[in-house]
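Encoded as structure tokens, the structure appears first; notes follow it.
The values are calculated or read from the model by the stated rules, or taken from the named source; none is laboratory data. Keep in mind the model is a prediction, meaning the values are calculated, not measured. Glycine also receives a Cβ, built like all others from the backbone with ideal geometry; neighbour counts cover every protein chain displayed.
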Amino acid sequence: MLETLLAISQQPLTLAILLVLISYLLEDVAIILAALLALDGYLPISWGMTAAFIGIWSGDLGLYGLGRLARRYQWAQRYVASRPRVKQFGSWLADQLLVKILICRLLPGLRFPGYVACGLYQLSLATFCLAISLATLAWTVLIFAGFYLFGELFEGWFEHAKWGLIPIALLLIWWSRRKSQQTMIKELVS
């Protein structure tokens, strides 16, 4: 097992592909991991940021596609489209789509239903792609740069401990996003 991990760590392309796959499960972990791998020299900065971006962007596009697929199947359309909240969410998204997709990216709990609703109600794919590109780029650069610069600043102090900071950072991100969600979600959907 250790030999396999060491072999993978010597292959930047393999690491980049793994980051794309990890982002489908945990986006923030993929970005933080990319920053730490770049900081330790296992992966070029551009590869790490690009891999995290591609994974997050393609996952978001997949959610839109899931909504489009739901339109094709009668049971899914009846189940999803007839729900009052989905209708409300779909009509909420239709006005100022670009801005509202950006809001869905930043607030936890809105991305999945928001992006699926965009596909379900056949909202503009071009606008959707533009919005997720901008939002994903901003989010990826912000988180990546923050962790990279933080790691660089304290490189001598936290040489091995920095990997233990991942859970702490994730908790802080989760907590701050949860707090903002609690205050804003009521205003956005009501």
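Values computed for the structure shown
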read-out: Cross-chain or 6+ apart pairs with Cβ under 6 Å, region 143-154 first and closer than 15 Å to D40 by Cβ and in contact (Cβ under 8 Å) with a residue 40 or more places away in the chain, then in a helix (DSSP H, G or I) and β-branched (V, I, T); value: F144/I31; F147/I32
read-out: In region 110-146, residue surrounded by the most Cβ atoms within 10 Å (Cβ to Cβ) [restricted to those that are within 28 Å of I168 (Cβ to Cβ) and of a type in the set (S, T, N, Q)]; value: T140
read-out: Complete set of residues in region 39-74 that are surrounded by 19 or more Cβ atoms within 10 Å (Cβ to Cβ), aliphatic (A, V, I, L, M) and modelled with pLDDT under 95; value: L39, L43, L63, A70
read-out: Counted residues, region 59-70 - those being closer than 19 Å to L106 by Cβ and either hydrophobic (A, V, I, L, M, F, W, C) or under 11 Å from the mean Cα position of the chain (by Cα) (or both); value: 4
read-out: Of the criteria (1) surrounded by 13 or more Cβ atoms within 10 Å (Cβ to Cβ); (2) under 30 Å from F147 (Cβ atoms), which one Q77 fails; value: (2)
read-out: Check on Q88, at positive phi and either modelled with pLDDT under 85 or of a type outside the set (K, R) (or both); value: no
read-out: Qualifying residue in region 66-81 (condition: closer than 28 Å to L171 by Cβ and out of contact with any strand residue (DSSP E or B) (no Cβ under 7 Å at 6 or more places or on another chain)); value: no
read-out: Among residues of region 30-50, those that are touching a Ser or Thr at 6+ places or on another chain (Cβ under 8 Å) and under 30 Å from S124 (Cα atoms), counted; value: 3
